[in-house]
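*Asks:* So that we are looking at the same thing, I have put the structure below in C-alpha cells.
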Amino acid sequence: MAGGGQVEKRVKYKSSVKDPGTPGFLRIREGMLLFVPNDPKSDSKLKVLTQNIKSQKNTKEGSNKPPWLNLTNKLGKSHIFEFENYPDMHACRDFITKALAICEEEPNKSAVSTSSEQLSIKELELRFKLLRENSELQRLHKQFVESKVLTEDEFWATRKKLLGKDSIRKSKQQVGLKSMMVSGIKPSTDGRTNRVTFNLTPEIIFQIFAEKPAVRQAFINYVPSKMTEKDFWTKYFRAEYLYSTKNTAVAAAEAAEDEELAVFLKPDEILARETRQKIRRVDPTLDMEADQGDDYTHLMDHGIQRDGTMDVVEPQNDQFRRSLLQDLNRHAAVVLEGRSIDVESEDTRIVAEALTRVKQVSKADGETTKDANLERLERMSRLAGMEDLQAPQNFPLAPLSIKDPRDYFESQQGNVLNVPRGAKGLKRNVHEAYGLLKESILEIRATGLSDPLIRPEVSFEVFSSLTRTISTAKNIIGKNPRESILDRLPKSTKDEVLHHWTSIQELLRHFWSSYPITTTYLHTKVGKLKDAMSNTYSKLEAMKESVQSDLRHQVSLLVRPMQQALDAAFQHYEADLQRRTAKSGGERPNGYI
Amino acid sequence: MPAIASKQYSDDVSLLVLLLDTNPLFWSTTSITFSQFLSHVLAFLNAVLGLNQLNQVVVIATGYSSCDYIYDSSLTSNHGNFESNGTGMPAIFGSLLKKLEEFVTKDEELSKEEVSEDRIPSCLLSGSLSMALCYIQRVFRSGHLHPQPRILCLQGSPDGPEQYVAVMNSIFSAQRLMVPIDSCYIGVQNSAFLQQASYITGGVHHTPKQLDGLFQYLTTIFATDLHSRGFVQLPKPIGVDFRASCFCHKKTIDMGYICSVCLSIFCEHHKKCSTCGSVFGQSKLDDASSASDKKRKAPST
C-alpha cells in the first residue's frame, strides 16, 4: 500500500473504450493527476485536478477484462486508464478515493457563500422547498414577484434567516458514534458446521480501538510483524467468544497457552492505568469525573456478569472476568467524547495509530506538574476546610458605600418647567382654597348629611345611562371579552384581512427601507411599490363596502390601522417628491435624479 | 379586634381602602361643593359597612402636600358615642370629620412651607397609594382569615407627571398583591394614571357624568365586592390611555426614547441614561448626511 503522497504507474490512456490507448505514465499527487505520454510528440497529455473528478469506475479482478480505471469529471468527460496489472489499479483507485473524500467536504462549504449573481442549485432548491411548505409565503411570492412589483432577490433579501439556517445545518453536522455497544455484535452461526462468523466494519474497528486501548496497542505491536490483520481479529473474536461462553476456566487455560490471546482476555492495563491517574487527580470539592465506585470489582461477590448472572469465580481466574458496568462506562465515555479523529480509512493500522496519537496528546496535556499538584492540594484543603477549626481570620474591612436614596427620588423630580407667575398670587390662591375646604367641613359637621341624599330622577338617569354603557360595551367587545373580533368574521373575510395585513407589511418594509432615494433603481422600485400600495388600498376600501352591515364597523376598525400606515407612506412619498422637484428647481420637471 | 368565628367569614367580606381627594385647588373649582361630595361619600361608606357585618373601611385623605389615615372602622374607639348634638350626623363618622379637619390644617401648614413652584395642581396620589398598600400588607400578615382588600380612588385632581414613577411602582405592587384598584374620576380631564391603575390591577374605572348622582354611581359600581364581580357585569371603559411621561421633563409623551437597560423613558436624545447611568450609542437618526454615504445594495435586475 503506498504510504506516500504520490503514486506513479505505467498506464495506457484511452479517451474512450474503443481507443487502443496511448502508453505513458500516470502520476497521482495530492489534488492532481498527471498523465505524460511516452511519445513526447503525442498531444494527449492530461492534467486533471482531483476536485474536478466526479466518480470513478473500475473493472473487477475476477472478470476477464483488463484492469481499467474510468474517471468521470464534472463535465461528463471520461478518462480511461489501462494498467499493467490489478494491484497497480487498486493502488491508484485507493489513492483517488482518498483524494475524493477530502474534496467532498469542500463543495459543501462553498455552496453556502454564493455571490448574489450566481445562485447555486442548492439555494434554488431551498427556496422552492420553503415556498412549498409555507403557503402564506407562497401567496406573497406569487402576488409580488410574479406581478413584477418586487424582484426575487429583494423578496428573499429580507428572509435570509430562513435560507441561511438550513444550509448551515447541512454542512456542519457531524455524525456521532453509535450507542450500541461493541459487545452487542453477535456473530452469525452456520447451523451445519461449527463455525461462527463475525462481520467487521471500519466503524466497529474504530469503536473497538477507541474503547479498548490495550487492543489498539496490541494491534500496533503485533501487526504486521507477528501476525496478519486477519489473524489478529480472529484471535480477538475468539477471546470475545470465550467471554460470551462465560467459561473462565477455559479462558484461563487458553490464555496460558497463547500469549497474544491472553492480551485480549486480561483486563485492559492501559485503561486501568488511565483510570488510576484520573482517580488520583480527583478534586473532592466538585469533580465528578471518575468515581472510585467504578472500581469495585475487587470486592467479593460484586459485579454483574454481562448477562446479568452472578458467578463465583476462583481467585486465580479473577482477572479473566469482566463486568458489565465496566464495559458500559467505558463505552459511554467514548461516545460522549465523540469522534476524536477525522480519518476515515479502510486501513486499520492508520486508524489505530491516529487514535494513539490523539490519546498521547491528551495525556501530555493532562499531566500536571509538581507545582500544579501542590497548588491543587492547597486549594482542596482550603475549600474543604472546616470553619470552626480554622484560626480566626481578620480580613481587611472595606467600608460600605450606600448611596443616598434621596438621589434616586430627587432625580425623578427632574427639571419641571418653570413658568414664572406671581408667587404671591399663588399663595393667596392656596390659602383661599384651604379656607373654603375647611368651611365645607365645618358645614357638614353642623348640618349633617344632605337630605335627601339624592333625588330620585337623578338616580334613575344614572341607572339608565349605566345600563346603556354596559349594553353598548357588550355589543362592541362581545359577550366574551376573550373572544377576538377576527373569530366572529366569516372565514373568507378573515383570511382576506390577514392576507392584506401581511402583504401590506411586506410592501411597507421594502418601501421604507428604500428611503432616502439615492439611485435610479430605488426610484423605480419605490414607484412600483407605491402603485402596489394604491392597489391594496382600493382593495381594502372595496372589502369594507362588501362586508355585511352588522360587521362593517368591526371590519373598518380592523382595517383602519392598515389604511393609516398606507396613508403615512403615501404622505411621505408625496412630500419627498415635492422636495425633489423643488430642489431641482423645476429644470428637470420629470423629477429625474 | 375580637376574635371572629371562621364560619362567619363568607366570600364577600371586603376591606375597602378609600383614597379621598382633598386637594383644595381642585375643590375650589368644581360644580359640586366639598360638603355635598362628603355626604355622598359618607353615605356610601355606611352602605358598604352595612353590606356585611365583617366589612371594614379605611379612609386615607390625599392632600396637596401630604396624606394621612383619617378613619379606620376596625378601631373600637370609633364605635363610641361622639357628637350627638342632635344634628343629622351619624355618630360613627364624627371622628372621621374631626380628623379630616385636623389633616387639612396640617396640610395647609406644609404647603405654606413648600416653595411655590408652578406645578400642576395635583394631589399626592403616590403617597396615599403607598399608605394603602402598607395597610393592606399588614392585614395580609395578620392571619389567614382576613377580608378581601381593594382600593377605591376618588379623585378629581389632574395627574402630576412628576409622580409617574412612584405611581407606576405602587400599581405594580398592587398587581403583585392582587389588590384591585378601582377609580372614580370626577375631574375635567382624563386621568391616565387612574385608567392604567385599574386596567393593570383588574379594577373598575369610571368617570361619572352627573356629579349630583354620585352616590348612585358609587353604590352601583364600586360597592360590589370582589367575589360578586365574577358574575355581576360592571361598566368597563372601551380604551385605556397608556401614555407615559418622560423621566426628564415629566411631560406626557407617546413617542420617545427608551433606555434598553432600565426601560426609562426620555422625550429627547440623551448621551447617558439618568436612572441607570448607561451610556447610549449614537442615534441612527442623528445625521442624515451619513445616510447617503452608506453603500446601498443594488442587485442587478
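Conditions (1) within 22 Å of the chain's Cα centre (by Cα); (2) within 10 Å of chain A (Cβ to nearest Cβ); (3) closer than 22 Å to B:A223 by Cα, marked per residue:
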| residue | (1), (2), (3) |
| --- | --- |
| B:E101 | yes, yes, no |
| B:V104 | yes, yes, no |
| B:L124 | yes, no, no |
| B:G127 | yes, no, no |
| B:A132 | yes, no, yes |
| B:Y135 | yes, no, yes |
| B:R138 | yes, no, no |
| B:G143 | no, no, no |
| B:P147 | yes, no, yes |
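*Asks:* Starting from the stretch A:492-511, take each residue that is farther than 21 Å from A:E152 by Cβ and list its partners that are assigned to a helix (DSSP H, G or I) and acidic (D, E), counting only C-beta distances under 9 angstrom and pairs at least six apart or across chains.
*Replies:* Filtered contacts from the stretch A:492-511: A:K494/A:D487; A:L498/A:E136.
*Asks:* Given (1) in a helix (DSSP H, G or I); (2) in contact with a Pro (Cβ under 6 Å, 6 or more places away or on another chain); (3) away from every other protein chain (no Cβ under 12 Å), where does B:V179 come up short, assuming only one miss?
*Replies:* (1)
*Asks:* Quick test for you: out of B:G80, B:G63, B:G88, pick the one residue that is in contact with a Ser or Thr (Cβ under 8 Å, 6 or more places away or on another chain) and at pLDDT below 85. Write out each step before concluding.
*Replies:* Values: B:G80 fails: in contact with a Ser or Thr (Cβ under 8 Å, 6 or more places away or on another chain); B:G63 fails: at pLDDT below 85.
The match here is B:G88.
*Asks:* Contact list please: Cβ distance under 6 Å, first residue in the stretch A:126-152 and at pLDDT below 75, second residue of a type in the set (K, R) and crowded, with 17+ Cβ neighbours inside 10 Å, pairs at least six apart or on different chains.
*Replies:* These pairs meet every condition: A:V149/A:K528.
*Asks:* Now for a separate question. Residues to consider are B:S142, B:S170; find the one that is small (G, A, S) and farther than 25 Å from B:S66 by Cα.
*Replies:* Result of the check over B:S142, B:S170: B:S142.
*Asks:* Please list, ordered by first then second residue, the pairs with beta carbon atoms under 7 Å, 6 or more apart or interchain, first in the stretch A:204-233 and outside the structural domain of A:R339 (by TED's automatic domain parsing), second assigned to a loop (DSSP other than H, G, I, E, B).
*Replies:* Pairs that qualify, where the first residue is outside the structural domain of A:R339 (by TED's automatic domain parsing) and the partner is assigned to a loop (DSSP other than H, G, I, E, B): there are none.
*Asks:* Then there's this: Sort through A:T536, A:T518, A:T493 and tell me the only one that's modelled with pLDDT of 85 or more and either surrounded by 12 or more Cβ atoms within 10 Å (Cβ to Cβ) or touching a Gly at 6+ places or on another chain (Cβ under 7 Å) (or both).
*Replies:* After ruling out the rest, the residue left standing is A:T536.
Yes or no, residue by residue, for (1) modelled with pLDDT of 95 or more; (2) in the same structural domain as B:H205 (by the TED database); (3) not in a loop (DSSP other than H, G, I, E, B):
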| residue | (1), (2), (3) |
| --- | --- |
| B:K106 | no, yes, yes |
| B:E109 | no, yes, yes |
| B:D118 | no, yes, no |
| B:L129 | yes, yes, yes |
| B:A132 | yes, yes, yes |
| B:R138 | no, yes, yes |
| B:H144 | no, yes, no |
| B:P158 | no, yes, no |
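*Asks:* Scanning for something within 18 Å of the chain's Cα centre (by Cα), among the polar types (S, T, N, Q) and within 14 Å of chain A (Cβ to nearest Cβ), does the stretch B:183-206 turn up at least one residue?
*Replies:* For the stretch B:183-206, residues within 18 Å of the chain's Cα centre (by Cα), among the polar types (S, T, N, Q) and within 14 Å of chain A (Cβ to nearest Cβ): absent.
*Asks:* Can you name the condition, by its number, that A:T59 falls short on among (1) closer than 30 Å to A:L126 by Cβ; (2) at pLDDT 75 or above?
*Replies:* Among (1) closer than 30 Å to A:L126 by Cβ; (2) at pLDDT 75 or above, the lone unmet condition for A:T59 is (1).
*Asks:* Test A:D576 against the stated conditions and say whether it is at pLDDT 85 or above, over 39 Å from the mean Cα position of the chain (by Cα) and on the phi < 0 side of the Ramachandran plot.
*Replies:* Values: at pLDDT 85 or above: yes; over 39 Å from the mean Cα position of the chain (by Cα): yes; on the phi < 0 side of the Ramachandran plot: yes.
Taking the combined requirement at face value, the residue satisfies it.
*Asks:* Given the condition away from chain A (no Cβ under 14 Å), within 25 Å of the chain's Cα centre (by Cα) and at pLDDT 75 or above, answer yes or no: does some residue in the stretch B:258-270 qualify?
*Replies:* Within the stretch B:258-270, one or more residues are away from chain A (no Cβ under 14 Å), within 25 Å of the chain's Cα centre (by Cα) and at pLDDT 75 or above.
*Asks:* In this structure, is B:K7 over 23 Å from B:V179 (Cβ atoms) and either in the same structural domain as B:E162 (by the TED database) or modelled with pLDDT of 90 or more (or both)?
*Replies:* no
*Asks:* Let me ask another. Any idea which of A:S465, A:S450 is of a type in the set (S, T, N, Q) and farther than 13 Å from B:F215 by Cα? First the steps, then the outcome.
*Replies:* Details: A:S450 fails: farther than 13 Å from B:F215 by Cα.
It is A:S465.
*Asks:* Please go through the stretch B:209-247 and pick out each residue that is more than 7 Å from chain A (Cβ to nearest Cβ), part of a helix (DSSP H, G or I) and among the polar types (S, T, N, Q).
*Replies:* Result: B:T219, B:S228.
*Asks:* Kindly provide the set of residues from the stretch B:238-276 that are touching a residue at least 60 places away in the same chain (Cβ under 8 Å) and of a type outside the set (A, V, I, L, M, F, W, C), ordered by number.
*Replies:* B:S245, B:K250, B:K251, B:T252, listed by residue number.
The values are calculated or read from the model by the stated rules, or taken from the named source; none is laboratory data. Keep in mind it's a predicted model, so treat the numbers as computed, not measured. Cβ sites come from the backbone with ideal geometry, for glycine too, and all protein chains shown count toward neighbours.
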